[in-house]
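K.L.:
So that we are looking at the same thing, I have put the structure below in structure tokens.
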Amino acid sequence: MLDEVTQEKVEKIAREVINLARNKLLVNMRFLDMALSRLKVSSNPGATNCSSVDGKVYIYDPKHILTAYRVEENLPTRNFLHSVFHCVFRHMFVSPSINRGYWDLACDIAVESVINDLDLPYLSTLMSQKQQQFLDGFKEEIKTPSAEKVYRFLIDKRLSEDKLRTLALLFKGDDHLLWYLTDDEKAALGIEGYDFTDGGADGEDGENANMVGFGGIRLFLAQDWANISERMAIDIATFGKLQGTGAGLLSQNLKEVNRERYNYEEFLKKFAVRGEIMKINPDEFDYNFYTYGLQLYENMPLIEPLEYKDVKRIRDFVIAIDTSGSVAGELVQKFVQKTYNILKSTESFFTKINLHIIQCDAAIQEDVKITTQQEFDDYLKKMKLHGFGGTDFRPVFSYVTSMIECGEFDNLKGMIYFTDGYGTFPARKPDYDAAFVFVDDDAADVKVPPWAIKLVLRTDEI
């Protein structure tokens, strides 16, 4: 009986600590109101050795909460915010093929970086001071440590198991157990509050319960947090400034996670032109006349299907490469490879192609004409970047215009210019569409002329 009373008292005090943390965050950071109200809080002793969140429910072990509070008064508040930011940045909505060890650490580093950047007294802990020593050097590698960028960095560096374990302990604020569990596995742990029939922030109904994603997390929940993140980005501009909150890194991470994702293959279709190909066109074939002829003339069709089809595909195209010193060679090669892989597909390119790959810094350095798959394979094997001087986009446009005047292109619809964005743009729009492609958000603020198309891709999208 005494144990039951003690347990009830522990749970009651732990709940008060959590409520105090939630209220403290709400009072001091008003832009968190939707995020804080979206999460259910549930006590679940033994389900996890600390706390965990899946976007719908925040579960915690009461003993762990009280232990943390006894060690440092600010620790429960910081850890709760840590879990909330995981939801805001949608870290749990990941592919099954993700490397969990690297991804977990990358998410924790990203979240703790944001919390440290807020520089609020009630979030300061002894561990945060040790974290900052690591982050000061780490930011020389990654200016804006979002989870995706840190994950790619960790994958490339291939840190030792001991180093990964040390960093995991340094930045851990919660357990990521719920991120990877199925509904049945969660039910086996007796996790409360995981009912998707009650609707979301946008009023979803029980029909969404059938929308299942990886780890049993419903797809509408990811969209719910996407809406919350977008709302937060707007509110930070007002509440953050009024309260003097240093939310610079938080704003940058929100910008990164809320950035519109592009389907590069669909984007390239903007440069397609209409033409005929030898292919039966069922869309323009009338079965009524066909079957009527079979009946009237005894197995003699009255009309045969068309043997050609009018389609939109790419025939003439230009890939321009900025070879100034700020553009990485390996990334350029991957971009060219990806672009050509899309263009050479049967759904994108006509049989006859005319692709020019132009390298330019402040002047034209190389122009290679590609007409077949073999020519491109040979080019890619021997590809070298030339130039590494300043950046001026005008020579490429002048050069392409001169080729059009000489009849090099039958119907050039567009050009893709892969660049970091820091250069001189032409003053006037060319006779074809031009798209400037940037990687990540390092050059996302670069302004392009009104006539130009701007596309920002992630490194992993290339």
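K.L.:
So which residues in segment 126-144 are within 27 Å of A68 (Cα to Cα), in contact with a helix residue (DSSP H, G or I) (Cβ under 8 Å, 6 or more places away or on another chain) and of a type outside the set (D, E, K, R), if there are any at all? So that I can check it myself, show each step before the final result.
P.N.:
Keep residues of segment 126-144 that are within 27 Å of A68 (Cα to Cα), which gives 126-136.
If we keep only those that are in contact with a helix residue (DSSP H, G or I) (Cβ under 8 Å, 6 or more places away or on another chain) too, we end up with 127-128, 130-132, 134-135.
If the condition is that a residue be within 27 Å of A68 (Cα to Cα), in contact with a helix residue (DSSP H, G or I) (Cβ under 8 Å, 6 or more places away or on another chain) and of a type outside the set (D, E, K, R), then M127, S128, Q131, Q132, F134, L135 are the ones that fit.
K.L.:
Six or more apart or on different chains, Cβ under 6 Å: which pairs go from a residue in segment 360-378 that's closer than 19 Å to F397 by Cα to one that's open to solvent by less than 50 Å² (accessible area, probe 1.4 Å) and of a type in the set (D, E, K, R)? Could you list them?
P.N.:
A362/D392
K.L.:
Next question. Given the criterion touching a strand residue (DSSP E or B) at 6+ places or on another chain (Cβ under 8 Å), surrounded by fewer than 18 Cβ atoms within 10 Å (Cβ to Cβ) and of a type outside the set (D, E, K, R), identify the matching residue among T419, T401, T424.
P.N.:
Values: T419 fails: surrounded by fewer than 18 Cβ atoms within 10 Å (Cβ to Cβ); T401 fails: touching a strand residue (DSSP E or B) at 6+ places or on another chain (Cβ under 8 Å).
Result: T424 is the single residue among T419, T401, T424 that is touching a strand residue (DSSP E or B) at 6+ places or on another chain (Cβ under 8 Å), surrounded by fewer than 18 Cβ atoms within 10 Å (Cβ to Cβ) and of a type outside the set (D, E, K, R).
K.L.:
Only one of A272, A222 is modelled with pLDDT of 55 or more and farther than 20 Å from S37 by Cα; which?
P.N.:
Working: A222 fails: farther than 20 Å from S37 by Cα.
On inspection, the qualifying residue turns out to be A272.
K.L.:
Any residue in segment 234-256 that is under 18 Å from K139 (Cα atoms) sitting within a Cβ distance under 6 Å of a residue that is modelled with pLDDT under 80? List the pairs, counting only those 6 or more apart or interchain.
P.N.:
So the pair list comes out as A247/G240; Q252/T144; E256/D441.
K.L.:
A further question on this structure: What number of residues within segment 136-185 satisfy the criterion of being among the basic types (K, R) and outside any helix (DSSP H, G or I)? Please lay out each step first, then the result.
P.N.:
Here is the first cut: in segment 136-185, the residues among the basic types (K, R) are 139, 143, 149, 152, 157-158, 163, 165, 172.
Okay, now just the ones that are also outside any helix (DSSP H, G or I), so 139, 143, 158, 172.
Total satisfying the criteria: 4.
K.L.:
Next up: If L170 satisfies every condition in (1) at pLDDT below 90; (2) open to solvent by less than 50 Å² (accessible area, probe 1.4 Å); (3) not polar (S, T, N, Q) but one, which is the exception?
P.N.:
Checking L170 against (1) at pLDDT below 90; (2) open to solvent by less than 50 Å² (accessible area, probe 1.4 Å); (3) not polar (S, T, N, Q), the one that fails is (1).
K.L.:
OK, next. If you go through segment 24-41, how many residues are under 22 Å from K63 (Cβ atoms) and over 27 Å from the mean Cα position of the chain (by Cα)?
P.N.:
Going through segment 24-41, the residues under 22 Å from K63 (Cβ atoms) turn out to be 24, 39-41.
Filter once more, so that each one left must be over 27 Å from the mean Cα position of the chain (by Cα): 24, 41.
So the count comes out to 2.
K.L.:
All but one of (1) open to solvent by 40 Å² or more (accessible area, probe 1.4 Å); (2) touching a residue at least 60 places away in the same chain (Cβ under 8 Å); (3) among the β-branched types (V, I, T) hold for V94; state the number of the condition that does not hold.
P.N.:
With respect to (1) open to solvent by 40 Å² or more (accessible area, probe 1.4 Å); (2) touching a residue at least 60 places away in the same chain (Cβ under 8 Å); (3) among the β-branched types (V, I, T), V94 is out only on (1).
K.L.:
Here is a follow-up. From (1) closer than 23 Å to I234 by Cβ; (2) buried (at least 18 other Cβ atoms within 10 Å of the Cβ); (3) of a type outside the set (G, A, S), pick out the condition that doesn't hold for Y102.
P.N.:
Looking at each condition in turn, Y102 falls short on (1).
K.L.:
Could you list, in sequence order, all residues of segment 317-343 that are at pLDDT 80 or above and not in a helix (DSSP H, G or I)?
P.N.:
F317, V318, I319, A320, I321, D322, T323
K.L.:
Can I ask one more? I'd like the full set of residues that are touching a residue at least 40 places away in the same chain (Cβ under 8 Å) and either under 28 Å from V439 (Cβ atoms) or part of a helix (DSSP H, G or I) (or both), limited to segment 122-135.
P.N.:
Looking only at segment 122-135, we keep the residues that are touching a residue at least 40 places away in the same chain (Cβ under 8 Å), and these are 122-128, 130-131.
Matches in segment 122-135: Y122, L123, L126, M127, S128, K130, Q131.
K.L.:
Return a yes/no flag: does segment 121-131 have any residue that is modelled with pLDDT under 90 and among the charged types (D, E, K, R).
P.N.:
Yes, segment 121-131 has at least one match.
K.L.:
Go through segment 15-29 residue by residue and tally those that are farther than 16 Å from F85 by Cβ and of a type in the set (K, R).
P.N.:
1
The values are calculated or read from the model by the stated rules, or taken from the named source; none is laboratory data. Here the structure is a predicted model, which means the values were calculated and not measured. Neighbour counts are summed over all protein chains in view; Cβ atoms, including those assigned to glycine, are modelled from backbone coordinates with ideal geometry. The accessibility values were calculated without ligands, DNA or RNA, using every heavy atom of the protein model including side chains. Shrake-Rupley method; radii C 1.70, N 1.55, O 1.52, S 1.80 Å.
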